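The values are calculated or read from the model by the stated rules, or taken from the named source; none is laboratory data. Keep in mind that what you see is a predicted model, and the values were worked out from it rather than measured. Reconstructed Cβ throughout: ideal geometry from the backbone, glycine too, with neighbour counts over all protein chains shown.
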Amino acid sequence: MELMVQLLKILTEMKQLQTHQENSMKSLKVAYDELACSLVADMRLNINSFLCECENRLMNGENRNEELTVHDIREYISFILSDFDDGILKAKTNELTIKQVHLMNVVNSCIRHEQELFRLNVALNK
């Protein structure tokens, strides 16, 4: 009877680990989605600010050469997109690190439970 109680306890713990992992993944996805939205909003703000600045310079006659302005805009937008890509890369690297740490904890717990279940199986077969 005691073996059955131990088995149920281990199975309950494994279910709790699974639920915890699922909740962690959902939480991570929400955090990632929020970060992506924030990065896109920042990128849009930077592009709009730069376009307004260019428009003001054109209206004030500071930049008479339109080709130079188009080139500047393209260059700045490329810079913003590159910065955005760097931010996404950092976010994905952090996400991967978090997942790896969590998954190693889950794997270690599962190994411990597997060993316990093996010992219980041996005991049941005696």
For region 14-49, which positions are loosely packed, with under 11 Cβ neighbours inside 10 Å, under 13 Å from residue 91 (Cα atoms) and of a type in the set (Gly, Ala, Ser)? none
Among (1) at pLDDT 80 or above; (2) more than 19 Å from the chain's Cα centre (by Cα), the one test that residue 57 misses: (1)
Under the condition of being at pLDDT below 80 and of a type in the set (Lys, Arg), which residue from region 91-122 is surrounded by the most Cβ atoms within 10 Å (Cβ to Cβ)? 99
Taking region 2-13 and keeping only residues that are β-branched (Val, Ile, Thr) and loosely packed, with under 14 Cβ neighbours inside 10 Å, one is left with 5, 12
